[in-house]
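Data first, discussion second: the structure below is written as structure tokens.
The values are calculated or read from the model by the stated rules, or taken from the named source; none is laboratory data. Just so it is clear, the model here is predicted, and its values are computed rather than measured. For neighbour counting, all protein chains shown are included, and Cβ atoms are generated from backbone atoms with ideal geometry for every residue, glycine included.
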Amino acid sequence: MVRIFAYIVHKGGIADDSAAELAAAAGKIDAGASPTAIVTGWGAELDAVCETLRASYAEVWKVSNQALAYPNAELIRKALVNIVPSGSIVLVPHAHFGIDLSPGLSIKLNSAYVSDVLGIDGVEGNWLKVVRQEFGGQVSTHVKCDISPGAVINIRPGAFKPQDSAPADGMVVDKSAEVGALAAGRRYLETVIAEAGDVDITKYPVLISVGRGIQEKDNVSIAEELAEVLGAAVSCSRPVVDAKWLPKSRQIGSSGQTVKPKVYMACGISGSFQHLAGIKGNPFIIAINKNPKAPFFQVADVGVVADILEFLPELTNKIREARGASV
Amino acid sequence: VEILVCVRRVPDTSENEIQLNSAGNDIDRDDLVYSVNEADNYAVEEALQIVARTGGNVTVATVGGEDDEEVLRREMAMGANQGVLLTDEAFEGSDGRGIATILKAFVQKGKYDLILTGIQAEDGGAQIGGMLAALLDYPFASLVNSIEVLDGKKLKVGREIEGGNREMNEIDLPCVLSTQTGINEPRYVGMRGIRQVASVEIPTFGAADLGVDLATVGAVGAKVKRTDYFIPALGKGAEILQGSQEEIIEKVFELIKAKGGLN
């Protein structure tokens, strides 16, 4: 069986949740696999991550280089090309770093690439069979990938449940001397932290969240009115921000805010995994969508098949009446 | 700056519900409305804004067939100086690497300072830009949500990272950037604009014109193949509320109250 590597994303001396998920994914490719973690970085933070990973990986390859103190995908690609044996499978979490790294890495390793994999069916001959999604999760696909030249596989965060296993008591192997000279045409300057918005959506127990189904900017007021009678805030999915109907600070998802409300009302949102990644704390989810096949119905507690432009004003009226009567 | 934007024609998810065909091996393509991939349209707008500030030309290219010409014309109506169709039977069935290989061959026939792609196609893998950059040995950045031309040789680009934060980078030209949706507000394209470019000739390039090795493209060269489409069997999913609209509203109201959503 081919050798499997897991590229570990880390920050502040702590490995990302994906570290354990990649090990689980490796187990789906080959139940007997003992994947090797690769950790790149610099200084005490790198050492801390390697030490932690010894509990879950039998072998941890450490690449220490001051140029890698910030994870620059081009530099890391060059390092990996020099240390990863040809024909290997390299697993990478499919988030902003993996999207930067993996397509080019597969070219330089002369191997196959599959992005955003959320299921692994196994290996048949030279073919690794995996599951992906298309059209924002509306349909799934089986994809087969020829792993004979090796492969880079990007794994969707959260898709593979970490396995409980006996402590690996792994060893750390220092590969720093093998990475060669590192220079890149792209240089990291700084990270600009998101500006706080007019409304802090993370503080509200109820969120009225709108998606593309709100159709135009003027319709956002429909959601604002419902939010007002509920003491809720209006949040949204990415297309609403792209269209400039609401500010970025209202966006929920992997590239926006992470929220933990009690009740989450998803109005005209299809339910891509990037959006769902921002909803934590197991809220009660009510999904309203006129498309009965909207992926959000698969994760919601209750669903309403309706046009939000009709449904939300009716609901607002109902609550107003009830509140009026109770005063 | 001379800019090449790589675009694709895809089923428009804002106009269609994507469903399986009766055989279950593909999406139902009857009566689908196609349009330019949304992220690619943002990339073209960004290119147009850059050349408006610094001068230069915008070329849009796509790999596909005759039907795909319409998205080139649409982007030319938006303001792109020319459209190019990379078409050959041998290209059919290409995987991401195959598409990137075809684009690389085209890039090397011209002289571009900057190559843009949308971050991801609706049915794609967010991969073409990164592969193309690696094939060309150009620097690359993905998820780009701001571009500033620093001088003729460098750009300052912002990348969308977690939590709405933004990673700022300096990147040497020539380079490849995959731009994120929302980077700008794409201009409206009216029917009049489309009509004005309706008869402009679109140059085409085949495998022989581009000098592409046929073993590296098409179904022959593909290491990654989609075998079917399916709708996964799921867990319980949502309880879909039934009844008249009034009854449903009553139920939703009661649920909001019960779950702590009304004080």
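Every test in (1) buried (at least 22 other Cβ atoms within 10 Å of the Cβ); (2) at pLDDT below 95 is passed by B:M191 save one, and that test is (1). The strands (runs of 3 or more DSSP E) located wholly in the stretch A:49-140 that include 3 or more residues which are within 10 Å of chain B (Cβ to nearest Cβ) and of a type in the set (D, E, K, R) occupy A:127-134.
Annotation: B:D228 fulfils all but one of (1) outside any loop (DSSP other than H, G, I, E, B); (2) over 22 Å from B:D26 (Cβ atoms); (3) within 11 Å of chain A (Cβ to nearest Cβ); (4) not hydroxyl-bearing (S, T, Y); the unmet one is (2).
Consider the stretch A:159-200 and keep the residues that are in a strand (DSSP E or B) and within 14 Å of chain B (Cβ to nearest Cβ). The one that is farthest from A:R77 (Cα to Cα) is A:V192. Output the residues belonging to the stretch A:267-277 that are within 10 Å of chain B (Cβ to nearest Cβ) and buried (at least 23 other Cβ atoms within 10 Å of the Cβ). Result: A:S270, single match. The requirement of being at pLDDT below 95 and either facing chain A (nearest Cβ under 8 Å) or in contact with a Gly (Cβ under 9 Å, 6 or more places away or on another chain) (or both) is satisfied by B:G237.
Set side by side, the residues B:S22, B:S35, B:S14 differ, and just one is within 14 Å of another protein chain (Cβ to nearest Cβ), surrounded by fewer than 15 Cβ atoms within 10 Å (Cβ to Cβ) and hydroxyl-bearing (S, T, Y), which is B:S14. Among the residues of the stretch B:101-140, those that are away from every other protein chain (no Cβ under 13 Å) and among the β-branched types (V, I, T) comprise B:I102, B:V107, B:I115.
Taking the stretch B:170-180 as the range and being crowded, with 24+ Cβ neighbours inside 10 Å and more than 21 Å from the chain's Cα centre (by Cα) as the test, only B:I171 passes.
Scanning the stretch A:292-327 for residues that are polar (S, T, N, Q), more than 30 Å from A:E134 (Cα to Cα) and within 9 Å of chain B (Cβ to nearest Cβ) yields a total of 1. If only residues of the stretch B:141-159 that are of a type outside the set (S, T, N, Q) and under 14 Å from the mean Cα position of the chain (by Cα) are counted, the one that is farthest from the other protein chains (Cβ to nearest Cβ) is B:V144.
Is it the case that the stretch B:164-180 has a residue that's within 28 Å of A:R132 (Cα to Cα), in a helix (DSSP H, G or I) and either of a type in the set (V, I, T) or in contact with a strand residue (DSSP E or B) (Cβ under 9 Å, 6 or more places away or on another chain) (or both)? Yes; the residues of the stretch B:164-180 include at least one that is within 28 Å of A:R132 (Cα to Cα), in a helix (DSSP H, G or I) and either of a type in the set (V, I, T) or in contact with a strand residue (DSSP E or B) (Cβ under 9 Å, 6 or more places away or on another chain) (or both). Residues that are modelled with pLDDT under 95 and surrounded by fewer than 23 Cβ atoms within 10 Å (Cβ to Cβ) within the stretch A:282-300 comprise A:N282, A:K290, A:N291, A:P292, A:K293, A:Q298, A:V299, listed in sequence order.
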